[in-house]
Amino acid sequence: MGILEQLENPKFKATKSEKTLIEYIKSDLDNIIYKSISIIAKESGVGEATITRFTKKLGFNGFQDFKVTLAKEISNKKNTSIINLHVHRDESVTETANKMLKSSINILEQTVKHIDLDLMSKCKNLIMNAKRVYFIGIGYSGIAATDINYKFMRIGFTTVPVTDSHTMVIMSSITNDDDVIVAISNSGTTKEVIKTVKQAKENGTKIITLTEESDNPLRKLSDYELTYTSAETIFETGSISSKIPQIFLLDLLYTEVIKEMFSEAVEKKIKTTSAILND
């Protein structure tokens, strides 16, 4: 029996909170699989713990497992839908491009809208006063870590990109209170990153995290948490919807640092550019 059939089944005994959640799911079926558990909890007025218990009651391991199955079920019913429910196999390239453009603009607008200016300033100062800065991430978040590391290195910072679990273990054992780790993970649940951050915190290392806005375990370990709204679905791991806010916020942090040390940054950039050209 599918999820939708279970929800309509009169034999399914739901609590008052679960009934509220069911009505919310049914009223927003086309968008529910794009939302994080925190967003659903906020919009439905039901606690995250209730949502998790509800999905397990339906026979799933948790919320993510529930979303995967629901997405497949909806996709099978509509048949023509790919990647997300607003892009279809039979539409033109122009239609798809315009939808992606609109989505990207919306993501950036939402990201800017939720920027905490005081927090961004604290992160900037933390990086400027650090002896070493480690940018860490796995998979697509590792690409963002490598990109921002290169930018900071070009203006004279001692930075290290760490994008594999073995190096993370080594690095976390030798960091100290002069260092800063910028931990990047869209979901905030990447085990290797969480393990690294826990170890580094024991050494007194300051932690900046960059994740989507759910109540995830990585955020709870941070000294300063930068968050964003991600519209990424379970079929879109590493999609533009998660990469845009990651890269934007990291670039904003980098730009804020440059504003504080403009002359020095320009001088270092000229030197590193000259070194590359003369290589």
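The values are calculated or read from the model by the stated rules, or taken from the named source; none is laboratory data. Keep in mind it's a predicted model, so treat the numbers as computed, not measured. Here the Cβ positions follow ideal geometry from the backbone for every residue, glycine too, while neighbour counts run over all protein chains shown.
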I need the full set of residues from segment 187-215 which are more than 29 Å from ILE40 (Cβ to Cβ) and in contact with a Ser or Thr (Cβ under 7 Å, 6 or more places away or on another chain), in order please. THR196, GLN199, ALA200, ASN203, THR205
Considering segment 176-202 alone, what residues qualify as being closer than 18 Å to ILE127 by Cβ and surrounded by fewer than 22 Cβ atoms within 10 Å (Cβ to Cβ)? ASN176, ASP177, ASP178, ASP179, LYS201
Could you tell me how many of the residues in segment 95-128 are under 20 Å from THR229 (Cβ atoms) and part of a helix (DSSP H, G or I)? 20
Out of the residues in segment 86-111 meeting the condition of being β-branched (Val, Ile, Thr) and in contact (Cβ under 8 Å) with a residue 60 or more places away in the chain, tell me which one is surrounded by the most Cβ atoms within 10 Å (Cβ to Cβ). ILE107
Check segment 140-152 and report whether any residue there is more than 19 Å from LEU249 (Cβ to Cβ) and more than 18 Å from the chain's Cα centre (by Cα). no
Segment 48-83: number of residues that are touching a Phe, Trp or Tyr at 6+ places or on another chain (Cβ under 7 Å), modelled with pLDDT under 85 and not small (Gly, Ala, Ser): 1
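Look through ASP90, ASP118 and report the one residue that is assigned by TED's automatic domain parsing to the domain that holds SER165 and over 17 Å from VAL182 (Cα atoms). Step through it out loud before you land on a result.
Numbers: ASP90 fails: assigned by TED's automatic domain parsing to the domain that holds SER165.
Testing whether each residue is assigned by TED's automatic domain parsing to the domain that holds SER165 and over 17 Å from VAL182 (Cα atoms) leaves just ASP118.
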What's the total number of residues in segment 131-172 that are without any contact (Cβ under 8 Å) to a residue 60 or more places away in the chain, assigned to a helix (DSSP H, G or I) and of a type in the set (S, T, N, Q)? 5
